[in-house]
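> Below is a structure I'd like to ask you about.
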Amino acid sequence: MLICLRGALIQHRCHIHFTAAVCIRSMSTFPSLPTAVAEFVSNAVAECEPAKVHVVTGTPEETADILAGLEKEGMVKKLPKYVNCWLARTDPKDVARVESKTVIVTRQQRDTVPIPCNGAKSQLGNWMSETDFQKAKEERFPATMTGRTMYVIPFSMGPVNSSLAKFGVQLTDSPYVVASMGIMTRTGTPVMEKLEQGVEFVRCQHSVGRPLPLKAPLVNQWPCNPEKVLISHLPDTRQILSFGSGYGGNSLLGKKCFALRIASRIAKDEGWLAEHMLILGITNPQGVKRYVAAAFPSACGKTNLAMMKPALPGWKVECVGDDIAWMKFDSQGKLRAINPENGFFGVAPGTSLKTNPHAMDTISKNTIFTNVGETSDGGVWWEGLEPPSTGITLTDWHGKSWKPGAATPCAHPNSRFCAPASQCPIIDPLWESDEGVPIDAIIFGGRRPEGVPLVYETFNWRHGVFVGAAMRSEATAAAEHKGISTFSNCHIIIIIYYNNYYNNINEKYKNT
């Protein structure tokens, strides 16, 4: 690939190196990319002015190079106790999704969120006008990637050949994001082939907001710009722009940003459902298998339920997904679901051999840990695990020596593991089925220690939609927002979302 420069020009594989400002003439600058992708990349390069561009291929060799580069920069540390596992420590100001700085950009506020009376703040999302967004973008993105590499990540949400799959291209200056997206999404040649066929894709642009040379030192070698964080979604044009945060929920744009926020709008337009739900298959002792979807807010037990180890003899649970479900009725009227993700981005504290032995097996190799504690023998530790063996010392998520009984936790409450779903020992045989698995029941839940029954069943599907809409949960370490799992991730006006949900469910199950 070639690029027009006012400096040196070097062609090397799928890297584009240059030493001076960029002069983009046309989308033909990237001749090996599909036309629409090339145009997207060219415009972003002109705006962000990266030092070089790398088109991600998703090969194991490429991933190894990315991780080696991160280790050299001090952003990750290899964990010798495990196979190909890594530890990252973030800036303490960049540890979770920031709902207060997450916005929806539409022409009219009523297209997205309700307008409360008397100037009260809406609890159902943050709207930003197109004018204010353009101003905010111009304050952030120009030359933001100076001195850094822009990575171009073509990815698929869902099995590449599934009718429910959707595609995206993320541009980022964070190699940590590249390594994590390689786990969480499907990347590589099959995705590029789909893009070459002209499939629609969501345009995702991300920057940590710290051009080089740095004007101030980094904390934990973690580039971010917490004072200017903005995660913006443009549902009308299928765009996501994220600035200032390297944390996964804000920077892995295939996750909540695409798979729930933008997807909820696409689903409304196309007549399907994008839900913050786990999917599991459960088989009784008689061999009858049913699939269940369940909606809980983040840090409320979705992963533990999705990987449950039944205590009752003869029962078996298999995991399709632990976080997101895309659901659509097939031609026979059966509700089917896929897990659009390719990995698990789970909360570490509370995960143990006692609470989730299958998760512990899953994360024993090829995993990126973020903000967990570290053991002196090259392993990881967090609250909920058994105390380390005699003679083993602990380092907390700040990189400081830590002992049990300390006033602060060893692992951040929202510390994470990012691991391939295929490693789960109870992954369902149909978890990558192109048509999805058939859903027989939907569960809504959350953290409610008092005031409501532990478990109750609704009268019918319509009543279930009503109850699900009225559910509420305590706040967790994973996000600022209090509310049911769908609220903070829904980017159409909530009544339209529930109307879409009701219409989909009611049309098929109105007599049940």
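Per-residue answers, yes or no, for (1) open to solvent by 10 Å² or more (accessible area, probe 1.4 Å); (2) hydrophobic (A, V, I, L, M, F, W, C):
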position	(1), (2)
Ser242	no, no
Gly249	no, no
Leu260	no, yes
Ala263	no, yes
Ala267	no, yes
Glu270	yes, no
Leu280	yes, yes
Pro285	yes, no
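> Would you point out which residue out of Leu312, Leu385, Leu335 is hydrophobic (A, V, I, L, M, F, W, C), over 26 Å from Ser163 (Cα atoms) and either touching a helix residue (DSSP H, G or I) at 6+ places or on another chain (Cβ under 9 Å) or buried (at least 17 other Cβ atoms within 10 Å of the Cβ) (or both)?
Exactly one of Leu312, Leu385, Leu335 is hydrophobic (A, V, I, L, M, F, W, C), over 26 Å from Ser163 (Cα atoms) and either touching a helix residue (DSSP H, G or I) at 6+ places or on another chain (Cβ under 9 Å) or buried (at least 17 other Cβ atoms within 10 Å of the Cβ) (or both), namely Leu385.
> For the subset of the range 22-43 comprising residues that are surrounded by 19 or more Cβ atoms within 10 Å (Cβ to Cβ) and hydroxyl-bearing (Ser, Thr, Tyr), which member is modelled with the highest pLDDT?
Once the filter is applied, the top-ranked residue is Ser42.
> Still on this structure, I have one more. I'd like to know if the range 362-371 contains one or more residues that are under 23 Å from Cys418 (Cβ atoms), open to solvent by 20 Å² or more (accessible area, probe 1.4 Å) and among the aromatic types (Phe, Trp, Tyr).
No, that holds for no residue.
> Give me the residue from the range 44-58 that is β-branched (Val, Ile, Thr) and open to solvent by less than 40 Å² (accessible area, probe 1.4 Å) and, out of that set, nearest to the chain's Cα centre (by Cα).
Val56
> Tally up the residues in the range 46-60 that are farther than 19 Å from Pro154 by Cα and outside any helix (DSSP H, G or I), please.
Looking only at that region, the number is 2.
> Hey, another quick one. List the pairs whose first member sits in the range 166-195 and is in a helix (DSSP H, G or I), whose second member is acidic (Asp, Glu), and whose Cβ atoms are under 7 Å apart, counting only residues at least 6 apart or on separate chains?
Close Cβ pairs satisfying both conditions: Met184/Glu341.
> Considering every residue within the range 270-278, establish whether at least one is among the hydrophobic types (A, V, I, L, M, F, W, C), under 30 Å from Pro310 (Cβ atoms), touching a residue at least 60 places away in the same chain (Cβ under 8 Å) and in a helix (DSSP H, G or I).
no
> To continue, here is another question. Which is modelled with pLDDT under 95 and either of a type in the set (A, V, I, L, M) or in contact with a Pro (Cβ under 6 Å, 6 or more places away or on another chain) (or both), of Ala325, Ala295, Ala306?
Being modelled with pLDDT under 95 and either of a type in the set (A, V, I, L, M) or in contact with a Pro (Cβ under 6 Å, 6 or more places away or on another chain) (or both) holds for just one of Ala325, Ala295, Ala306, which is Ala295.
> Moving on. Out of the residues in the range 61-90 that are open to solvent by 20 Å² or more (accessible area, probe 1.4 Å) and either part of a loop (DSSP other than H, G, I, E, B) or at pLDDT below 95 (or both), which is nearest to Gln239 (Cα to Cα)?
Top of the filtered list is Arg89.
> Sticking with this one: For residues that are touching a Pro at 6+ places or on another chain (Cβ under 6 Å) and β-branched (Val, Ile, Thr), tally how many sit in the range 164-211.
Selection size over the range 164-211: 4.
> Still on this structure: So, Cys319, is that one touching a helix residue (DSSP H, G or I) at 6+ places or on another chain (Cβ under 8 Å), open to solvent by less than 50 Å² (accessible area, probe 1.4 Å) and outside the structural domain of Val98 (by the TED database) or not?
Answer is yes for this residue.
> Look at the range 111-145 and say how many of its residues are part of a loop (DSSP other than H, G, I, E, B), open to solvent by 50 Å² or more (accessible area, probe 1.4 Å) and modelled with pLDDT of 95 or more.
Going through the range 111-145 one residue at a time, the tally reaches 1.
> Here's another thing I want to ask about it. Take the residues in the range 196-205 that are part of a loop (DSSP other than H, G, I, E, B) and under 18 Å from Pro340 (Cα atoms); name whichever of them is least open to solvent (accessible area, probe 1.4 Å).
Filtering first and then ranking leaves Val199.
> If you check every pair at least six apart or on different chains, which have Cβ atoms under 8 Å apart with a residue in the range 32-52 that is touching a residue at least 12 places away in the same chain (Cβ under 8 Å) and assigned by the TED database to the domain that holds Gly209 first and a residue that is part of a strand (DSSP E or B) and among the hydroxyl-bearing types (Ser, Thr, Tyr) second?
Short answer, once both residue conditions are applied: Cys48/Ser207; Pro50/Thr149; Ala51/Thr149; Lys52/Thr149.
> Looking at Met128, Met157, which is the one that is in contact with a Lys or Arg (Cβ under 6 Å, 6 or more places away or on another chain), touching a residue at least 24 places away in the same chain (Cβ under 8 Å) and in the same structural domain as Glu227 (by the TED database)?
Unique residue meeting the criteria: Met157.
The values are calculated or read from the model by the stated rules, or taken from the named source; none is laboratory data. Just so you know, these numbers come straight off a predicted model, no measurement behind them. In this analysis, Cβ positions are derived from the backbone assuming ideal geometry, glycine residues included, and neighbour counts consider all displayed protein chains. We work out accessible area using only protein heavy atoms, side chains counted, and drop any ligands, DNA or RNA first. Shrake-Rupley method; radii C 1.70, N 1.55, O 1.52, S 1.80 Å.
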